[in-house]
Amino acid sequence: MSEFFNAFTSANMGYLLGGLGITVGVSAISVVLSLLFGSIVGIIQFEKIPFFSSFVGTLNNIVRNLPLLLIIFFTYFALPQLGIHLPIFWATVAAMTFFESAMLAEIVRGGLEAVDRGQFEGARANGLSNMQTMWHIVLPQAYKKMIPPIISQLISLVKDTSLASGIVLAEMTYRGQIVYAQNTNYIIPVLVVLTVVYFLLNYGLSLIAKWFDKKLA
Amino acid sequence: MSLLNQYFSVFVQGFGHTLLASIIALIGSLVLGTLFAIMQVSSSKTGRIIGNIYVQVFRNIPLLIITLFLYLAVAKVIKMTGFVAGTVGLTLYTSAFIAESVRAGILSIEAGQMEGARANGLTFNQAMRVIILPQAFKVAIPSLGNQFINLVKNSSILAFVGGLDLMYQGNLVAASSFDTFTTYIIIGVFYLVITMPLSYYVQHLETKLKKKA
């Protein structure tokens, strides 16, 4: 048992929790970027522009049906073959954003479809253009409904950053592997710490999602 | 294309492992997930607490951590290969999500169904099995389908523990052929062969359910 507690040195824990900053950083940047790109793709799918919308929809389906791990590996190991070299942090952000945008596009499309048709018709009848209707009337209502599922996606993102340990990004899980590589007795304590930190972060987020869910209902 | 020909048996072997892990984990997580969903809606307080803790814990930690725990810690006591550790990890992780889907399905069935069944002399377990669950599953099918798609994608976690799956074999081919780009494209197509038909089928079911409602 003393072996268990030996792992909890301030150097080990400081190093591990330093990875939390990278985990949160990747997640936060990716969710903001994918909200932006996801909204664009979602609106294109919602607008049903002949040919273009169904083309974008099919591409979106393909991305959503691939494993994120494959997309991360592709971004970091295969893109250099085309002459695109991204530093490891930004390769992770790019892969996450690419994948999450496709996920969020579905949520945005669903949110837009949930807005009552009368809102469009009313806004158009009052002389707003298509763009203005979208921007001032429909999107604000749709986003309100989308907050809980967006937070759920953020939880997936935080969990999925652990996959970037596969390309040796020094986020929390990878740093855990470094710590227990020094001493195999550290495996269980390190995994326990990682479990607790991920759990607290994600459970906290899920409580926020629940709070919004209740408030918006 | 020559890459595909040259390494075809390696890809197929990976595809087989991915499919096998997915099917085993699907069956396992359906059983486990349903059990925990029933615990969450049962009248026993301990049952509800255990069910809730299980679902919250496994939903909120990364699959990779669960798998590493099995492969590095549990495997010291109970011998298991990377394939087994990955598949068990996949089962535990997915069962938490399936429990949520099934629980939502159960809660969507009106309370009168349970009351009627109990009034007619069925026990809680009988009523659950014969009356409630068959209706609940019908409602939960699209969401279960989405969980299965996630399961297939998440099976790529096996690559972290030497699980011989598609992603693992793909990394081997990429390392020996030096053509990472083509290899990963081929791997992607293999995954899509499983996930795309499923995803279109789920969409079809969703629109069918929506029309009924």
| remark: the range B:78-162: helices (runs of 4 or more DSSP H) wholly inside it with 1 or more residues that are among the charged types (D, E, K, R) and under 19 Å from residue B:62 (Cβ atoms) are B:82-108, B:133-154
| note | Among helices (runs of 4 or more DSSP H) completely within the range A:21-124, the ones holding 1 or more residues that are touching a helix residue (DSSP H, G or I) at 6+ places or on another chain (Cβ under 8 Å), more than 21 Å from residue B:167 (Cα to Cα) and within 14 Å of chain B (Cβ to nearest Cβ) are A:52-64, A:88-114
| said: Residue under question is residue B:170, and the condition is that it be at pLDDT 90 or above, out of contact with any strand residue (DSSP E or B) (no Cβ under 7 Å at 6 or more places or on another chain) and over 27 Å from residue B:6 (Cα atoms); does it hold? | reply: no
| Lone qualifier among B:54, B:71, B:93 - being out of contact with any Leu (no Cβ under 6 Å at 6 or more places or on another chain), modelled with pLDDT of 95 or more and closer than 19 Å to residue B:156 by Cβ | B:71
| message | I'm trying to understand the selection: among the residues of the range B:17-39, which are buried (at least 20 other Cβ atoms within 10 Å of the Cβ) and either of a type in the set (Lys, Arg) or farther than 26 Å from residue B:162 by Cα (or both)? | response | B:33, B:34, B:36, B:37, B:38, B:39
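Let's see how each residue does on (1) of a type outside the set (Asp, Glu); (2) within 28 Å of residue A:213 (Cα to Cα); (3) touching a Leu at 6+ places or on another chain (Cβ under 6 Å); (4) more than 11 Å from chain B (Cβ to nearest Cβ):
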{"position": "A:132", "(1), (2), (3), (4)": "yes, yes, no, yes"}
{"position": "A:192", "(1), (2), (3), (4)": "yes, no, no, no"}
{"position": "A:195", "(1), (2), (3), (4)": "yes, yes, no, no"}
{"position": "A:200", "(1), (2), (3), (4)": "yes, yes, no, no"}
| note | Taking the range B:163-185 and keeping only residues that are part of a helix (DSSP H, G or I) and buried (at least 19 other Cβ atoms within 10 Å of the Cβ), one is left with B:166, B:167, B:168, B:169, B:170, B:171, B:173, B:174, B:180, B:183, B:184
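The values are calculated or read from the model by the stated rules, or taken from the named source; none is laboratory data. This is a predicted model, so every value here is computed, not measured. Every residue, glycine among them, receives a Cβ derived from its backbone with ideal geometry; neighbour counts consider all protein chains shown.
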